[in-house]
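What follows is a short report on a single structure.
The values are calculated or read from the model by the stated rules, or taken from the named source; none is laboratory data. Treat the numbers as computed from the prediction; the structure is a model and nothing was measured. Here the Cβ positions follow ideal geometry from the backbone for every residue, glycine too, while neighbour counts run over all protein chains shown. With ligands, DNA and RNA removed, areas are computed over all heavy atoms of the protein, side chains included. Shrake-Rupley method; radii C 1.70, N 1.55, O 1.52, S 1.80 Å.
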Amino acid sequence: MGSHRIDLMRYLIGSDVKRVFAYLTKLNPNIRASGDDNAMTILEYQNGVRGVLISSRTSYNGNDRMTQLFGTEGAITLYGETHSVIVEKKIEKKVYILLRMDCHNPSWNQPALSENL
C-alpha cells in the first residue's frame, strides 16, 4: 500500500529515501488484502527533502491520490479536488497560480498567470 506514491515522490524529488518512520495498522478486518490497511509515514530523502505519506484503504472515498509538494517559493498539487495539476508561485508577497490543468476537462486548463486562488 502506497508503493506507487513512494515511486512518484522519488521521481519528482530526484532522490532516494534515506530514512523512514512509519505507523501501520489494520482497522478493517473485512478487507481481504493482506497486511495493514492504513499507514502514516515520514520519509527523509538523501538530498535532505522530508515528506509525509498517508495511505489508507479504509478512508472515505478510498482513493485519495492528491499529492502536494511545498517549497520556499511555491507549491505543486497533483490530482487535487478541482484540477489534475496546479502550480502556484510566490512572487513578493502574493501567490499566483501559474498553471491549472485538468486531463479530464481540457477546457479548464489555464496556462496563464492568474491571481485567482
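A residue that is part of a strand (DSSP E or B), surrounded by 11 or more Cβ atoms within 10 Å (Cβ to Cβ) and acidic (Asp, Glu) cannot be found anywhere in segment 57-70. Exactly one residue among Arg32, Arg19 is in contact (Cβ under 8 Å) with a residue 12 or more places away in the chain, over 15 Å from the mean Cα position of the chain (by Cα) and farther than 22 Å from Ile76 by Cβ, and that residue is Arg19.
Taking residues in segment 41-53 that are free of Cβ contacts under 8 Å to residues at least 12 places away in the same chain and outside any loop (DSSP other than H, G, I, E, B), and partners anywhere that are of a type outside the set (Gly, Ala, Ser) and open to solvent by less than 20 Å² (accessible area, probe 1.4 Å), the pairs with Cβ atoms closer than 9 Å and at least 6 places apart or on different chains are Arg50/Leu43. Select from segment 53-71 the residues that are out of contact with any strand residue (DSSP E or B) (no Cβ under 8 Å at 6 or more places or on another chain) and either over 25 Å from Asp36 (Cα atoms) or modelled with pLDDT of 80 or more (or both) and list them in ascending order. Correct list: Phe70, Gly71.
Evaluating His4 against the criteria (1) open to solvent by less than 100 Å² (accessible area, probe 1.4 Å); (2) under 23 Å from Asp102 (Cβ atoms); (3) not in a strand (DSSP E or B) leaves one unmet condition, (1). For segment 13-37, the set of residues classified as at pLDDT 85 or above and in contact with a strand residue (DSSP E or B) (Cβ under 8 Å, 6 or more places away or on another chain) consists of Ile13, Ser15, Asp16, Val17, Lys18, Arg19, Val20, Phe21, Ala22, Tyr23, Leu24, Thr25, listed by residue number.
Specify the residue that is farthest from Arg10 (Cα to Cα); the eligible residues are those in segment 71-86 that are assigned to a loop (DSSP other than H, G, I, E, B) and of a type in the set (Ser, Thr, Tyr). Ranking the qualifying residues of segment 71-86, first place goes to Thr82.
Being open to solvent by 90 Å² or more (accessible area, probe 1.4 Å), in a strand (DSSP E or B) and not hydrophobic (A, V, I, L, M, F, W, C) holds for only one residue in Arg32, Arg19, Arg10, Arg100, and it is Arg19.
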